[in-house]
Each structure stands twice: as C-alpha cells, then as structure tokens.
1. Arg239 passes all but one of (1) modelled with pLDDT of 95 or more; (2) away from the ligand (no atom under 16 Å from the Cβ); (3) under 26 Å from Leu37 (Cβ atoms); which number fails?
2. Return yes or no: is Phe354 out of contact with any helix residue (DSSP H, G or I) (no Cβ under 9 Å at 6 or more places or on another chain), closer than 25 Å to Gly221 by Cα, open to solvent by 30 Å² or more (accessible area, probe 1.4 Å) and within 16 Å of the ligand (Cβ to nearest atom)?
3. Only one of Asn334, Asn381 is polar (S, T, N, Q), more than 16 Å from the ligand (Cβ to nearest atom) and buried (at least 20 other Cβ atoms within 10 Å of the Cβ). Can you tell me which?
4. Among all residue pairs at least 6 apart or on different chains, which show Cβ distances below 8 Å where the first residue, located in region 301-320, is open to solvent by 40 Å² or more (accessible area, probe 1.4 Å) and the second is aliphatic (A, V, I, L, M)?
5. Here is a check on your reading of the model: is Tyr384 modelled with pLDDT of 90 or more, among the aromatic types (Phe, Trp, Tyr) and more than 25 Å from His436 (Cα to Cα)?
6. Take the residues in region 199-224 that are open to solvent by 20 Å² or more (accessible area, probe 1.4 Å) and more than 8 Å from the ligand (Cβ to nearest atom), then tell me which one is nearest to Glu362 (Cα to Cα).
7. Could you check how many residues of region 6-48 are open to solvent by 10 Å² or more (accessible area, probe 1.4 Å) and either assigned to a helix (DSSP H, G or I) or outside the structural domain of Leu68 (by TED's automatic domain parsing) (or both)?
Amino acid sequence: MDKIDLLLIHPPAFFKRDIIFPGPIAETVQEVTDQFLAFPIGFISIADFLYKRGFNVKILNLGELKSLDLFKFFSNLKADYIGIGLHWCIHSKGAIDLAKFIKEINPNFKIILGGLTSTRFHYEIIKEFDFIDGIIRGEAEEVLLDLLKRKSFEDVPNLTYRSGDKIKVNPMRPNISNLDDLNFTNLDLIMFKDKIKSSIGKWVWNIPISRGCVYNCKHCGGSSYSYKSLFNRNKPAFRSPEKIIEDIIDLKERGIKRILLFQDPRIAGRNYWEKLLKLLTKLNIDSLTLELFYPANEEYIDLISKINFEVTLTISPESGSERIRFPHGRVYSNSALLKCVEICGEKGVKLTPFFMTGLGEEDEESRRETRALCEEICRINTKYLKIREWFNPVFGPMILLDPGSLAFDYPELYGYKLIFKNFKDYYEGLSLPSWHQWISYETKNYSRRDLAKNMLEDLEFVLDLKERYATDSSVEGYLLDQEYLNLERYNLYCYKIVAEELENCDLNSLMEAYKNRFNEKILPKLKYGEKFLEAFDRSIGLIA
Ligand code: SF4
C-alpha cells in the first residue's frame with residue numbers, strides 16, 4: 001500500500017466489545033445499524049479538499065468492515081496522520097478504544113480526533129487520553145491542509161494538543177465561506193468500497209444544503225447556538241442550487257438511487273428554494289428526500305408535486321403538544337401541521353412525521369397529545385393513500401443528549417438533568433452493556449428508568465397505529481404485516497426483559513446463566529427465567 005498522508009477513519013460505535021444490547025438505539029436510522037456506520041458528510045469534503053491539493057487522503061469506514069484484519073492492516077499501514085471522527089456522541093467509546101488500539105500497534109502514528117463531540121470536550125479528551133495527539137475544533141478542511149503542509153501541530157489553528165506536560169489550545173481560524181469550493185460526492189476516496197454491505201454509499205447518500213442552521217432546537221448539536229459556540233460559524237453558509245444539482249447528477253452516475261438533501265431549502269429564502277425546485281423539475285432520478293423545518297404551504301407542496309421523480313418530505317414536530325414543542329424550538333401549531341398533511345395528501349406527496357420520546361418538559365399529558373396528533377395524521381393519510389409504505393410515522397427514542405446543544409449546556413432551563421456531564425461520563429456510560437444504561441439524562445418528570453419505559457411504550461404505540469392504519473387491504477399483504485408487527489412487538493418485549501434483568505443482576509452473572517442455560521440452579525435466580533434466555537438471543541447486538 002502506498003504511503004498515506006492522512007487516513008480518515010469513521011469508527012464503529014462500539015469497538016472490540018464482547019456484548020451489547022442496543023435495543024432501539026438505531027430505531028429511526030435502521031440502515032446505519034447499531035454501529036452507526038454512516039460517516040459525517042464532512043469526511044468527503046475534507047478528503048476531497050486535500051486530495052485536490054496533492055495529498056494522498058483516504059477514508060476508512062470501520063463501522064462497515066467487520067471482516068478486516070485490523071491488526072494486520074494497521075501494522076502494514078504507512079501514514080503520517082490518522083484522523084478519527086468523533087462527531088456524534090454515540091461514537092465516544094468506539095473512537096477512543098480504536099485510537100488506543102491503533103497507537104499500541106504503531107506509536108509513531110499521530111492520532112487526531114475531530115467532530116462535534118470531540119470539539120465540545122477537546123480539553124478533557126486530550127488531558128485524559130495520552131494516546132490521542134490532537135483534536136481539531138470546528139471545521140477541518142483548511143486546518144488539515146495547514147497541518148499536512150507544516151507537519152507540526154505548533155501554530156496550526158483550531159488545534160488542541162499536548163506539548164510536553166502542557167495542553168495548548170490554538171486560536172480558531174475563519175471558516176470557509178464559499179461552500180461551493182467543497183465536494184460532497186467524491187466516493188472514490190472510500191477504501192474497500194467493494195466490501196461495503198450496507199446501502200450507505202452504494203445506493204443511498206446524503207448531501208447538505210448548508211453548514212449551520214437558523215434554528216435553535218434545544219436538543220440539537222447542529223443548531224445555530226452550537227455552530228456559533230463550537231464551530232465559530234455565526235450564520236449558515238449555503239451551497240448554490242446549481243452545485244446541489246451537479247451533486248445529484250454525479251450521484252446518479254455513481255449508482256446512488258436515494259438521496260437525502262438535508263436542511264430545509266426554505267431557510268435560505270424564497271429565491272433560493274424557487275430556483276432549487278425549478279432545477280429539480282428538470283432532473284430524472286430515482287428518489288429524493290427533503291426536510292421541512294416547519295409546515296409547508298400549498299404553493300411549496302404544489303411545486304414539489306410537479307417534480308418528475310419520487311420526493312418524500314419529512315417533518316419533525318417532535319411533540320404533539322404545542323406547550324412542549326414551542327419552547328423546544330419548533331414554533332408552529334398543530335393546525336398548521338395538519339393542514340400541511342392534508343395538502344400533501346391531496347397532491348399525492350409523501351410526508352413522514354418524526355416524533356421524539358424523552359424531551360425535557362414532556363409529561364403524561366403531552367405524551368397523550370403526541371399520540372393523538374400522530375393518530376390524526378394517520379387518519380388524514382388514510383383518506384388519500386392506500387399503500388402500506390406511505391404510512392410511516394416515526395417515534396425516535398432520544399437516549400443520548402447531544403453535547404454542545406442548548407439542552408446539554410443549560411439543562412435545568414429546558415427540563416433536563418444530566419447523567420452524563422462530561423466526556424468521561426459518555427465514555428464510561430457507553431461502556432455499559434445495554435441501551436437503557438446509555439440514556440444520558442433524566443428529565444423534570446421522568447427518571448432514566450421511566451424514560452426507557454416510555455421509549456418502548458411509544459414504539460409499541462407506533463406498531464398499534466400501523467396495525468390500525470397501515471396494513472395492506474389485500475389478504476396476503478395483511479398477513480405479511482401481521483408477521484412483521486408480531487416480530488417487532490416481540491423485539492420490544494425482549495428489550496424490556498433484558499433491561500429489567502440487567503437492573504437486577506450484573507452482566508457476568510447473566511452471561512453465566514446464558515452459557516449454562518440447562519443448569520437448573522441458575523434459572524430460578526433470574527426474574528424472567530427461560531424468557532430471559534430467549535430475549536438474550538434476540539437482543540444481542542454484537543460479539544466481536
Ligand atoms: S434539529 Fe433544529 S436546530 Fe437542528 S438542524 Fe434541525 S432545524 Fe436546525
């Protein structure tokens with residue numbers, strides 16, 4: 001293998017672990033699995049930016065490559081710098097354990113972390129983990145260019161690093177203002193592409209409309225507040241509609257069939273979205289998903305309905321209670337949302353609503369309101385759509401609070417109580433085996449245990465809804481749905497049993513019980529006895 005200047009690695013969420021019980025952790029993003037194998041889109045822009053300036057940069061997605069002999073790979077690797085992504089906090093454990101593993105193989109590699117989570121905890125991570133050499137805070141393209149040219153951490157902006165027994169925090173540099181200079185589709189820079197089994201990068205890909213957001217949803221690490229405080233970006237920068245269209249055409253040529261355009265084009269203003277939608281009507285691709293940050297009016301939905309390929313809209317009211325939704329950062333009424341659902345139905349445009357379990361001020365009344373709103377959306381849909389796939393309300397269990405979000409920085413203000421308060425808490429918390437132990441906060445009204453229970457209850461509610469509103473009218477389709485629904489219900493039941501058993505018994509004893517399943521002395525010690533053994537089989541996520 002040729003020498004690499006920089007190898008960018010997306011770590012698996014859990015690296016070299018014996019056992020995890022991921023439960024519903026990836027409920028809303030099932031394609032990425034419980035290893036969260038989709039890497040941040042910034043990996044491509046960084047790698048392409050450096051590649052175009054003459055450096056050999058590759059991307060390695062270790063969430064995908066279970067079969068790779070890592071010891072052999074890193075022993076043979078010749079690279080100056082290894083950049084490990086620590087953007088989403090779910091990778092806190094995987095990123096650190098991977099860095100340690102690589103450094104033990106070759107102490108000469110310079111290991112750098114980057115991304116939202118490592119930016120928020122830069123000082124603590126450098127202080128705690130001596131096998132990590134540096135952390136890039138904020139956006140990384142030009143910082144890494146500087147580093148690769150100088151081959152020294154000194155005076156490279158945005159870097160936090162160890163110098164002797166001191167920690168140095170270099171000042172931030174201005175961000176790239178013209179995002180059209182960046183590329184987000186150069187998938188050729190991904191290593192071992194032929195070994196990738198998931199759909200990500202094969203026929204599904206995301207492209208951004210902007211960097212930054214104008215909104216301040218309290219739990220979001222990509223909010224206006226977070227971009228200002230962590231990334232030094234005071235207002236969003238938008239990519240031109242022409243550049244986005246270029247990306248879409250390029251992705252089509254690369255065999256990508258489903259594209260998510262993330263961020264709502266309307267936040268860039270009328271001229272922008274009009275131009276983008278006009279250009280989209282000239283394309284012929286398979287399917288595109290567009291986000292709505294607030295309900296769309298008839299004019300907008302009408303333009304979407306005129307696009308020649310399948311467009312799905314998504315909207316995230318999070319709560320069905322305006323009392324909860326407004327302070328959370330989504331300031332629109334239920335009636336505006338229902339009107340949007342109705343217009344989408346009339347014009348035959350798919351709309352997927354997302355709700356969230358575990359918001360700060362949530363209580364029993366707001367949970368009832370959320371269910372009622374979700375059911376009302378389903379009722380409206382049945383008037384217009386008869387196909388099973390078109391009814392797809394989603395309830396996402398929050399589980400981990402984004403470090404760097406307003407809710408993380410000011411928890412009491414928004415109804416949260418942090419259990420994970422610093423990076424070590426995230427790292428150690430995610431070292432526990434089960435998803436319910438990863439819930440990183442409590443709320444004003446619910447303990448961690450209550451939140452876990454609510455999350456499973458809400459997922460069960462969605463299955464009930466699907467049963468009532470989303471089954472095919474054909475007998476065959478109906479039976480198929482019943483099988484799927486029964487299986488999903490059984491999964492939820494298993495998550496509950498394993499979580500409860502782990503509350504009463506440590507993992508080693510449970511493992512012992514599992515291994516000696518025919519030992520009659522052990523079974524009576526378990527609260528759920530044989531049911532636990534079945535649940536264990538179904539809930540287990542990974543044996544490395
Ligand atoms: S969740 Fe809210 S703050 Fe975050 S990107 Fe979406 S609209 Fe912006």
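1. (2)
2. no
3. Going through Asn334, Asn381 in turn, the sole match is Asn381.
4. Close Cβ pairs satisfying both conditions: Leu303/Leu277; Ser305/Val349; Asn308/Leu283; Glu310/Leu288.
5. Details: modelled with pLDDT of 90 or more: no; among the aromatic types (Phe, Trp, Tyr): yes; more than 25 Å from His436 (Cα to Cα): yes.
No; evaluated as a whole, the condition is false for this residue.
6. That would be Lys218.
7. Residues meeting the conditions: 9.
Every residue, every condition in (1) in contact (Cβ under 8 Å) with a residue 12 or more places away in the chain; (2) under 27 Å from the mean Cα position of the chain (by Cα); (3) assigned to a helix (DSSP H, G or I), yes or no:
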site	(1), (2), (3)
Ile111	yes, yes, no
Asp130	yes, no, no
Ile135	yes, yes, no
Val143	yes, yes, yes
Leu147	yes, no, yes
Phe153	yes, no, no
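The values are calculated or read from the model by the stated rules, or taken from the named source; none is laboratory data. Here the structure is a predicted model, which is why all the values come from computation and not from measurement. Cβ: placed from backbone, ideal geometry, glycine included. Neighbour counts: every protein chain shown. Protein only, heavy atoms only, side chains kept; ligands, DNA and RNA dropped before computing areas. Shrake-Rupley method; radii C 1.70, N 1.55, O 1.52, S 1.80 Å.
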